[in-house]
């Protein structure tokens, strides 16, 4: 939803001339919020699905069409803002991959499933431990954060903020 996207951009505190990435951009709600607040941002977007890439191009973006987990980049990013897919714990993989692309002094702002707080499989336990090791700030988003989205849902979510 646009109000949540704007909040993520505000939290990221994008500064002039910083390299910014939105991975798994979908149709570009967060990218749109970045562009509105920081029209001069050096923004890269990555999306796997060709139809969504077509939509992004129509909106003026130049998406890299690939699986974000295999995304090749030239330079690290100062800010990464993301709402990765949650299915099968993909959010965990995407957040860890994004952190690897983050420049020293950079900030990553992500929406995630709270599954790492209660699931007992190794993937979730390891992620919860890793979040502690990197001093992540984790907070719940309001229960109805996605009821105004294109695909309304009442799923619980967490806001994760990481600094490198």
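No value in this document is a laboratory result; all are computed from the given coordinates. Every value quoted in this text rests on a predicted model; they were computed, and no experiment measured them. Quick reminder, even Gly has a Cβ in these numbers, built from the backbone with ideal geometry, and neighbours come from all protein chains shown.
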### Task
Filter the range 97-116 down to the residues that are free of Cβ contacts under 8 Å to residues at least 60 places away in the same chain and exposed (fewer than 15 other Cβ atoms within 10 Å of the Cβ), then identify the one that is nearest to residue 21 (Cα to Cα).
100
### Task
Would you mind stating whether residue 31 is more than 22 Å from residue 142 (Cα to Cα) and under 14 Å from the mean Cα position of the chain (by Cα)?
no
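Go through the range 35-57 and give me each residue that's crowded, with 16+ Cβ neighbours inside 10 Å, more than 16 Å from residue 84 (Cβ to Cβ) and in contact with a helix residue (DSSP H, G or I) (Cβ under 8 Å, 6 or more places away or on another chain). Give the steps one after another, and end with the answer.
Restricting attention to the range 35-57, the residues satisfying the condition of being crowded, with 16+ Cβ neighbours inside 10 Å are 35, 38, 41-48, 52-53, 55-56.
From the residues that got through so far, the ones that are more than 16 Å from residue 84 (Cβ to Cβ) too are 35, 38, 41-43, 53, 55-56.
Once the filter is applied, which keeps residues that are crowded, with 16+ Cβ neighbours inside 10 Å, more than 16 Å from residue 84 (Cβ to Cβ) and in contact with a helix residue (DSSP H, G or I) (Cβ under 8 Å, 6 or more places away or on another chain), the range 35-57 yields 38, 41, 43, 56.
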### Query
In this structure, is residue 34 in a helix (DSSP H, G or I) and in contact (Cβ under 8 Å) with a residue 40 or more places away in the chain?
yes
### Query
For the range 67-88, which residues satisfy the criterion of being part of a loop (DSSP other than H, G, I, E, B), surrounded by 14 or more Cβ atoms within 10 Å (Cβ to Cβ) and in contact with a strand residue (DSSP E or B) (Cβ under 9 Å, 6 or more places away or on another chain)?
71, 76, 83, 84, 86
### Query
Assuming residue 60 fulfils every condition listed in (1) in a helix (DSSP H, G or I); (2) surrounded by fewer than 16 Cβ atoms within 10 Å (Cβ to Cβ); (3) at positive phi apart from one, which condition is it?
(1)
### Query
(1) out of contact with any strand residue (DSSP E or B) (no Cβ under 9 Å at 6 or more places or on another chain); (2) in a loop (DSSP other than H, G, I, E, B): which one isn't true of residue 93, the others all being true?
(2)
